[in-house]
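These notes concern the structure reproduced below.
Nothing in this text is a laboratory measurement; each read-out follows from the coordinates by a stated rule. All values derive from a computational prediction rather than experimental measurement. Virtual Cβ from ideal backbone geometry, glycine too; neighbours counted across all protein chains shown.
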Amino acid sequence: MKQPHLITFDEIGARDIGYISVADAMKNISFKIERVYWAYYTPDSIVRGRHAHRNLEQVLIAVGGRILVTTEMPDGKIEMFNLDRPSKGVYLPPYCWHTMQYSHDAAQVVLASAEYNEADYIRDYQEFKSIKAQ
Ligand code: T46
């Protein structure tokens, strides 16, 4: 099974002029990007996510603020990714249960490998836990 991991994007620029970071499909992003969506104004008391995907691969980036992403794989491995710079992203593979907590000013951009499909979601934690690690 593919594993979640941190992606560090190059920071092109300098403190006095600002920075650009680039997501390039099939270069620093391991899949063809079919969809981009973003989330914002999430209250810091809210936990989003609480699901896994059957096929979807994603990279989640905090282009503003901070996002704490917690992942769990079917083998029980739990990791936390603190996205506290716009040049950091986290790769979320299939069968990766994930939750996100946001600072009040966070802006989250997600690069996804496929169009939205509710049938791809596993939203029931017991169903997720019944998946055998491969
Ligand atoms: C994920 C995490 C990181 C759509 O209609 N189209 C879309 O492309 C998306 C992403 C969502 N929606 C609808 C489906 C729900 O009615 O937006 C509503 C909220 O979706 P959800 O509760 O899944 O939101 P999050 O923030 O928990 O999860 C989202 C993505 O849905 C999910 O794929 O991995 O961000």
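Couple of notes before you dig in:
- Based on DSSP H segments of at least four residues, each scored -39500 (n - 2.57), the chain has a per-residue ellipticity at 222 nm of -500 deg cm²/dmol.
- Phi-based couplings in Hz for segment 98-114 (Karplus 6.51, -1.76, 1.60; Gly and Pro marked x): 9, 10, 10, 10, 10, 6, 4, 9, 6, 10, 9, 10, 10, 9, 10, 8, 7
- Using θ = phi - 60° in the Karplus curve 6.51 cos²θ - 1.76 cosθ + 1.60, the 3J(HN,Hα) couplings for segment 24-33 round to 10, 4, 6, 10, 8, 10, 7, 9, 6, 7 Hz; x is entered for Gly and Pro.
- Dipole check for segment 57-134: with +1 at the C-beta of Lys and Arg, -1 at the C-beta of Asp and Glu, and the Cα centre as origin, the magnitude is about 280 Debye.
- Overall form of segment 65-134 per C-alpha gyration tensor (a/c, 1.5; a/b vs b/c): prolate
- With the charge dipole of the chain set up from +1 on Lys and Arg Cβ and -1 on Asp and Glu Cβ about the Cα centre, the Cα lying farthest toward the positive end among the listed residues Met100, Pro74, Ala25 is that of Pro74.
- Entry note, segment 23-134: relative contact order of 39 percent, from Cα contacts under 8 Å with a spacing of 6+ residues.
- Relative to its Kirkwood radius, the Cα radius of gyration of the chain gives an Rg/Rh of 0.97.
- Under-15-angstrom lysine pairs by C-alpha in the chain, whenever the two are 8 or more apart or on separate chains: 4
- 15 Å beta-carbon shell around Pro4, net charge (K/R +1, D/E -1): -1
- Placing +1 on the Cβ of every Lys and Arg and -1 on the Cβ of every Asp and Glu, with nothing else charged, gives the chain a dipole about its Cα centre of roughly 200 debye.
- For Glu57, the residues 5 or more places off, or on other chains, whose built amide H falls under 5 Å of its own are Ser113, Ala114.
- For segment 1-60, a/c is not less than 1.5, where a ≥ b ≥ c are the root eigenvalues of the C-alpha gyration tensor, and a/b does not top b/c. That puts it in the oblate class.
- Sparse-neighbour loop sites [GluC sites (Glu not before Pro); segment 6-63; at most 14 other C-beta within 10 Å; DSSP]: Glu11, Glu34
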